[in-house]
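The values are calculated or read from the model by the stated rules, or taken from the named source; none is laboratory data. Quick caveat: nothing in here was measured; it's all calculated off a predicted structure. No Cβ is skipped: glycine too gets one built from the backbone with ideal geometry, and neighbour counts run over all protein chains shown. SASA here: full protein model, heavy atoms, side chains in, ligands and nucleic acids out. Shrake-Rupley method; radii C 1.70, N 1.55, O 1.52, S 1.80 Å.
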Amino acid sequence: MKKLALLVLLPAMILSCAEEVKVNFEEAQIKTTEAANINFNYPKATGTKTVAERINQSIENYVANQTNMANDTLRNVTIDEAVKQFNFEYKRFKSDFPEAAQQWEAFVDGEVTYKSPELICIYINSYLDTGGAHGNTVVRFLNFDAQTGELLEKEALINDRAAFLKIVQQHFQSETKPQDQGETTEDFFFGKDFQLPESIGFNDEGVVILYNTYEIASYAQGITEFLIPYAEVNSLLKQR
């Protein structure tokens, strides 16, 4: 009987543990003008240790890579290491080109835009200027499984990709029509068929669709962003 009681209680205990996962966020900041001008503000997870650590590792790795001037993605690089490397590269640049007056800049600003028992969405806006014609702004949504801290790719968020893509395309055509000057959808995507953005976001009102500069059209087009209410796509999402 004791063994039977334990077997009955075990699933309940597992469910109880899952329900007890708690994740909150506080603001982390790194600011220095030692060489380059660097200012990072981003959410830092607290609460259930294993989940918070997993989320923080993904956030910090992404933030660190915003100062990475190489084409490859760095793994397990701390933000402090990235800041030191960026300052080193700037000092070397100033040594090679002392007449260059412009200071390098790296800014990151992040916030939690959506949080539920299933999903956490974090918006991160980064700006990097290393003295070119203009700086470069990139916006990224990092979506996490709220119970495990796993970083989710957009494919893991969508239940019916074909149907979701169709709805996004309809909104895209509506949003871009006033300023497209006769361009077709293919013109925005450099001759290719319509595509989803690299990442999608969530807030309390719906799904955020955001195309970065150079992701579609030209630099002059800027960022293209619009919101799709949950009422239109709720059945097409795996988690929310």
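Here the range 125-140 is the region considered, the condition is being in a strand (DSSP E or B) and hydroxyl-bearing (S, T, Y), and the residue that is farthest from N234 (Cα to Cα) is Y127. Reported count of residues in the range 128-159, each being more than 28 Å from R54 (Cα to Cα) and of a type in the set (D, E, K, R), is 1. Could you please tell me which pairs satisfy a Cβ distance under 6 Å, a separation of 6+ or placement on different chains, a first residue in the range 83-103 that is in a loop (DSSP other than H, G, I, E, B), and a second residue that is open to solvent by less than 90 Å² (accessible area, probe 1.4 Å) and of a type in the set (S, T, N, Q)? Pairs that qualify, where the first residue is in a loop (DSSP other than H, G, I, E, B) and the partner is open to solvent by less than 90 Å² (accessible area, probe 1.4 Å) and of a type in the set (S, T, N, Q), are Q103/N37. The single condition among (1) assigned to a strand (DSSP E or B); (2) buried (at least 21 other Cβ atoms within 10 Å of the Cβ) that D109 does not meet is (2).
R240 passes every criterion in (1) open to solvent by 40 Å² or more (accessible area, probe 1.4 Å); (2) at pLDDT 80 or above apart from (2). Scanning the range 131-138 for any residue that is more than 23 Å from the chain's Cα centre (by Cα) and either open to solvent by less than 40 Å² (accessible area, probe 1.4 Å) or touching a residue at least 24 places away in the same chain (Cβ under 8 Å) (or both) turns up at least one such residue. Mind checking which residues of the range 211-233 are at pLDDT below 95, of a type outside the set (D, E, K, R) and out of contact with any helix residue (DSSP H, G or I) (no Cβ under 7 Å at 6 or more places or on another chain)? Passing the criteria: Y211, N212, Y214, S218, Y219, A220, Q221, G222, I223.
With the condition kept exactly as written, say whether any residue in the range 115-124 is in contact with a Leu (Cβ under 6 Å, 6 or more places away or on another chain) and either assigned to a helix (DSSP H, G or I) or within 28 Å of T48 (Cβ to Cβ) (or both). Looking through the range 115-124, at least one residue is in contact with a Leu (Cβ under 6 Å, 6 or more places away or on another chain) and either assigned to a helix (DSSP H, G or I) or within 28 Å of T48 (Cβ to Cβ) (or both). Looking at the structure I just gave you, is E53 modelled with pLDDT of 95 or more, assigned to a helix (DSSP H, G or I) and either hydroxyl-bearing (S, T, Y) or surrounded by fewer than 18 Cβ atoms within 10 Å (Cβ to Cβ) (or both)? Spelling it out, E53 is indeed modelled with pLDDT of 95 or more, assigned to a helix (DSSP H, G or I) and either hydroxyl-bearing (S, T, Y) or surrounded by fewer than 18 Cβ atoms within 10 Å (Cβ to Cβ) (or both).
From the set of residues in the range 90-111 that are more than 24 Å from Q57 (Cα to Cα) and acidic (D, E), which is farthest from the chain's Cα centre (by Cα)?
Going through the qualifying residues, I end up with E99.
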